[in-house]
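Below you'll find the structure, written out as structure tokens, and then a few comments.
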Amino acid sequence: MSSEYPIEIVNLRKEYGSFVAVNDLNLKIKKNSFTGLLGPNGAGKSTSLKILTHLITATSGEAFLNGIDVTKDPRAALTGVGTVIETPEFYPYLTPRETMRYVGEIIGMSKESIRSETEEILEKVKMVEWGDKRLGTFSKGMRQRIALGQALMDEPSIIILDEPTSGLDPRGMVEIREVLKNLRTDSNDLTIVMSSHVLTEVQDLCDRIAMINHGTLLMDDDISAFLTSHGTRSIIAKTAGLPVPELIQRIRDMDYVISADRLGNDIQIIIDDSKEDRQRLFQDISGMNAGVYSIADSDILEATYLDMIKESR
Amino acid sequence: MSFYMDASDFRQAYVVTKNEIVKSVRGKKFVVSLAVILLIFLMITVLPYATGGGWSGKTSGDMLSSYLSYISMASLLIVALLSSVALVSEFEERTALILFTRPIKRTSIFLGKIISCVLIEAFILAIYYILTAAMLIVFTGGVSFELLTSFGFCILYLFAASGIAFVISAFIKKGSVGTIITLLVLLMIIPIITQMMSGDTWFMLNTAGNTIITCVPDYVNSYNEQILTWMSSMQGAIDYLDTSIDPNILNVAEFMQSMVDSQMFGFMKIIEIPNLAREAGVLLLWGIAAYFVAWIKFIRKEF
């Protein structure tokens, strides 16, 4: 296995009876990248990550962590790997410091390293003042910060995150994202893979995107390349009332418009990603006097994501 | 699936044991278990005074027959409270998401859980034994070595019963259900099966578990004395009734005779000190077999 790809999934398959959750998936995660794993519910993201972290076994295929197949030698493969799968729970009668010590002792760290790293990590996740309180009294957001903290014990070279902000309130989400952002800037040798449903979160944190649907890989690329690969831009036009079909058709008929469709109470217009076309669209729609009161970029990642998922159906 | 464990696997099992002990000791179930044991001890100690009697002048056998009679039931209650949730709680409470994703074999986790459960349960029952020994010293002036043998069998019984609880814990999805099923299996199903079996049932878990009390000669002698006294007074009554010419009274005498002959239909048997080595082996085998089944299920269980 190449050291350029610390995480490598080869022909991975997971079947539950007749249902195929992961369908001969192949995926390579680049060293020192922060890869967002995207896909709708049931796409196979969590299943793949759970196989990678040895929570479930694969029906067939291989999953390498730092060159070691987790399906064959999970203990060796998971050495140097930190994980936060969904929103894990902790033993409520332990404190964060005791939890870190427990994890550190399992990994085989020395007492001194455990002590110093625990303080460093609690600082990182902003939980120093809570270090000796029992976890049973913590909010979900606080527990998730501790979950992230324990994943950082022994300075892992790989971190696997499965929807780490799922179920958190907006403040909790922001706090976790802050920690993840700092991780990227603080460490030179860290590969992170994170599954998420929150596209803005992926856009904000990740430098690469891998998209999965029906257990197979749809694409895997740099986020910048992903956003421009389609070479299009999605524009949302808002009208005072419901958009009338005639208006949509008139927009569609413009020679530079790729598509125009009703999207709820709005119109989604896809054009080439050029300043000129955007300018022309703005002028043309304004000139129509058709009740359009707002023209703005839609979420590009979301639009592209939906396009790709639609295509893969 | 491999039995092989190296030194670092055992070190990790030790870490899990330590953590499990801390976790349990701080938990509510530990407090409840301790309270159950202390309540039993308190009731046995105080109730004789409340009913106008007391412990003064009682023999060691009398005292042991009171204090040890409830020990196996108390052991099962504690096992049901603590061991039945040992495995399932990792999945139900989602703590497995932290522990199982670490570089540790599930076998090490499993081993750590067995050791911690048996140690905690043994600790709770040790308190009961120490208090019983203290009562014996105060009222009879000494304590027999056999009380220690009884404690040894109590630990073996905890080991075996915990094995059954682990099997249940490995298969079910909810801890509360596991506790109820464990109680049902240990306190009802196994004793009923034993009751239905004919002949010597030395190989059954509850029979072997009775060695906790039958290994103490003072207890056995005291118990048998009570049975013999009962039988002798019954026999006296029967002999008296037999002198009657009334057929109804003779029928009653005949029925009473059958009760004496069958040792109250098997409920008031003269007991003997069992083969201790054999019964220890039985308890060990029950435990090992049960833990093996639980281990197979546990290492394959998916989250």
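Return yes or no: is residue A:258 more than 15 Å from residue A:305 (Cβ to Cβ), touching a residue at least 12 places away in the same chain (Cβ under 8 Å) and crowded, with 18+ Cβ neighbours inside 10 Å? No.
The residue of the range B:244-262 that is nearest to residue B:228 (Cα to Cα), among those that are modelled with pLDDT under 85 and among the β-branched types (Val, Ile, Thr), is B:260.
Here residue A:171 meets each of (1) surrounded by fewer than 21 Cβ atoms within 10 Å (Cβ to Cβ); (2) at pLDDT 90 or above with one exception, condition (2).
Every residue, every condition in (1) touching a Phe, Trp or Tyr at 6+ places or on another chain (Cβ under 7 Å); (2) buried (at least 21 other Cβ atoms within 10 Å of the Cβ), yes or no:
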{"position": "B:96", "(1), (2)": "yes, yes"}
{"position": "B:108", "(1), (2)": "no, yes"}
{"position": "B:111", "(1), (2)": "no, yes"}
{"position": "B:123", "(1), (2)": "no, no"}
{"position": "B:127", "(1), (2)": "no, no"}
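Against the criterion of being of a type in the set (A, V, I, L, M), surrounded by fewer than 20 Cβ atoms within 10 Å (Cβ to Cβ), within 11 Å of chain A (Cβ to nearest Cβ) and in contact (Cβ under 8 Å) with a residue 24 or more places away in the chain, residue B:36 does not qualify.
Scanning the range B:1-17 for residues that are part of a helix (DSSP H, G or I) and free of Cβ contacts under 8 Å to residues at least 24 places away in the same chain, we see that the one that is farthest from the other protein chains (Cβ to nearest Cβ) is B:7.
Residues are listed down the side, and each one gets a yes or a no for (1) in contact with an Asp or Glu (Cβ under 6 Å, 6 or more places away or on another chain); (2) among the acidic types (Asp, Glu); (3) crowded, with 17+ Cβ neighbours inside 10 Å; (4) at the interface with chain A (Cβ under 9 Å from one of its Cβ atoms):
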residue: B:27; (1), (2), (3), (4): no, no, yes, yes
residue: B:32; (1), (2), (3), (4): no, no, no, no
residue: B:47; (1), (2), (3), (4): no, no, no, no
residue: B:56; (1), (2), (3), (4): no, no, no, no
residue: B:70; (1), (2), (3), (4): no, no, yes, no
residue: B:79; (1), (2), (3), (4): no, no, yes, no
residue: B:86; (1), (2), (3), (4): no, no, yes, no
residue: B:105; (1), (2), (3), (4): yes, no, yes, yes
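Within the range B:281-300, the set of residues being within 19 Å of residue B:182 (Cβ to Cβ), under 17 Å from the mean Cα position of the chain (by Cα) and among the hydrophobic types (A, V, I, L, M, F, W, C) comprises B:283, B:286, B:288, B:290. Residues that are under 30 Å from residue A:18 (Cβ atoms) and within 25 Å of the chain's Cα centre (by Cα) number at least 2 in none of the helices (runs of 4 or more DSSP H) confined to the range A:190-277.
The helices (runs of 4 or more DSSP H) located wholly in the range A:42-121 that include 3 or more residues which are over 15 Å from residue A:159 (Cα atoms) and more than 9 Å from chain B (Cβ to nearest Cβ) occupy A:96-107.
Among the residues making up the range A:122-139, none is closer than 17 Å to residue B:97 by Cα and part of a loop (DSSP other than H, G, I, E, B).
Which residues, taken from the range A:156-185, are free of Cβ contacts under 8 Å to residues at least 60 places away in the same chain and among the acidic types (Asp, Glu)? The answer is A:169, A:175, A:178. Could you tell me whether residue B:30 is aromatic (Phe, Trp, Tyr), in contact (Cβ under 8 Å) with a residue 12 or more places away in the chain and farther than 26 Å from residue B:301 by Cβ? For residue B:30, the condition - aromatic (Phe, Trp, Tyr), in contact (Cβ under 8 Å) with a residue 12 or more places away in the chain and farther than 26 Å from residue B:301 by Cβ - is not met. Residues considered: B:293, B:282. Of these, the only one that is modelled with pLDDT of 85 or more, surrounded by 14 or more Cβ atoms within 10 Å (Cβ to Cβ), of a type in the set (Val, Ile, Thr) and within 30 Å of residue B:96 (Cβ to Cβ) is B:293.
This table checks each residue for (1) in contact with a strand residue (DSSP E or B) (Cβ under 8 Å, 6 or more places away or on another chain); (2) over 27 Å from residue A:47 (Cβ atoms).
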residue	(1), (2)
A:161	yes, no
A:198	no, no
A:219	yes, no
A:237	yes, yes
A:241	no, yes
A:246	no, yes
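What is the one condition in (1) of a type in the set (A, V, I, L, M); (2) in contact with an Asp or Glu (Cβ under 7 Å, 6 or more places away or on another chain); (3) buried (at least 21 other Cβ atoms within 10 Å of the Cβ); (4) within 23 Å of residue B:171 (Cβ to Cβ) that residue B:64 does not satisfy? Tallying (1) of a type in the set (A, V, I, L, M); (2) in contact with an Asp or Glu (Cβ under 7 Å, 6 or more places away or on another chain); (3) buried (at least 21 other Cβ atoms within 10 Å of the Cβ); (4) within 23 Å of residue B:171 (Cβ to Cβ), residue B:64 fails exactly one: (4). Among residues of the range A:140-188 being acidic (Asp, Glu), more than 18 Å from residue A:102 (Cβ to Cβ) and not in a helix (DSSP H, G or I), the one that is nearest to the other protein chains (Cβ to nearest Cβ) is A:162.
One line per residue, one yes/no per condition, for (1) in contact with a Cys (Cβ under 9 Å, 6 or more places away or on another chain); (2) part of a helix (DSSP H, G or I); (3) of a type outside the set (Asp, Glu); (4) without any contact (Cβ under 8 Å) to a residue 60 or more places away in the chain:
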{"site": "B:52", "(1), (2), (3), (4)": "no, no, yes, yes"}
{"site": "B:65", "(1), (2), (3), (4)": "no, yes, yes, no"}
{"site": "B:69", "(1), (2), (3), (4)": "no, no, yes, no"}
{"site": "B:76", "(1), (2), (3), (4)": "no, yes, yes, no"}
{"site": "B:81", "(1), (2), (3), (4)": "no, yes, yes, no"}
{"site": "B:84", "(1), (2), (3), (4)": "no, yes, yes, no"}
{"site": "B:98", "(1), (2), (3), (4)": "no, yes, yes, yes"}
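The values are calculated or read from the model by the stated rules, or taken from the named source; none is laboratory data. Treat the numbers as computed from the prediction; the structure is a model and nothing was measured. Neighbour counts run over all protein chains shown; Cβ positions are idealised from the backbone, glycine included.
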